[in-house]
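Reading through the structure tokens given below for one structure.
The values are calculated or read from the model by the stated rules, or taken from the named source; none is laboratory data. All figures in this text were calculated on a predicted structure; none of them were measured in a lab. Glycine also receives a Cβ, built like all others from the backbone with ideal geometry; neighbour counts cover every protein chain displayed. With ligands, DNA and RNA removed, areas are computed over all heavy atoms of the protein, side chains included. Shrake-Rupley method; radii C 1.70, N 1.55, O 1.52, S 1.80 Å.
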Amino acid sequence: QVQLVESGGGLVQAGGSLRLSCTASRSLFGYRTSAVSWHRQRPGKQRDLVATITNDGITNYSDSVKGRFAITRDSDENTVYLQMDSLEPEDTAVYYCNLVLRYSGVLVDFWGQGTQVTISS
């Protein structure tokens, strides 16, 4: 079992920046790790993938955040960050951290409780 805790959300004006943290109860990266990602759920919308980082450090971003957001990992490998710059009101959402582990070919998801990000225009 893995516990994930997100932090760093808040209220900022459009054009501002925030850095979200996802801290785990154990190392996020190891031979069982498929990927660590950030997702967001905007009001009245489904949860969408924002950014992913793999065990090998390969990153991917949704088109809506590419060039503005960056996902990185701490050297202790217990924390993943989401640096968010040039924030827009459309980025307002609850942001969730997700870890996918492989157990004998089966993928298992772990989620944090989410952190609210609100961007004012």
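Here is a yes/no grid of residues against (1) touching a Ser or Thr at 6+ places or on another chain (Cβ under 7 Å); (2) over 23 Å from residue 25 (Cα atoms); (3) surrounded by fewer than 15 Cβ atoms within 10 Å (Cβ to Cβ); (4) in contact (Cβ under 8 Å) with a residue 60 or more places away in the chain:
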position: 56; (1), (2), (3), (4): no, no, yes, no
position: 66; (1), (2), (3), (4): no, yes, yes, no
position: 84; (1), (2), (3), (4): yes, yes, no, yes
position: 98; (1), (2), (3), (4): yes, no, no, yes
position: 103; (1), (2), (3), (4): no, no, yes, yes
position: 109; (1), (2), (3), (4): no, no, yes, no
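If I ask for residues that are touching an Asp or Glu at 6+ places or on another chain (Cβ under 8 Å) and modelled with pLDDT of 95 or more, which ones from the stretch 24-41 would you list? Within the stretch 24-41, 39, 40, 41 qualify. For the stretch 87-113, filtering for residues that are modelled with pLDDT under 95, of a type in the set (Val, Ile, Thr) and in contact with a strand residue (DSSP E or B) (Cβ under 7 Å, 6 or more places away or on another chain) leaves 2. Counting only residues that are of a type outside the set (Gly, Ala, Ser), open to solvent by 40 Å² or more (accessible area, probe 1.4 Å) and within 24 Å of residue 85 (Cα to Cα), the stretch 1-49 holds 13 of them. The numbered conditions (1) open to solvent by 30 Å² or more (accessible area, probe 1.4 Å); (2) at pLDDT below 95 are all true for residue 70 except (2).
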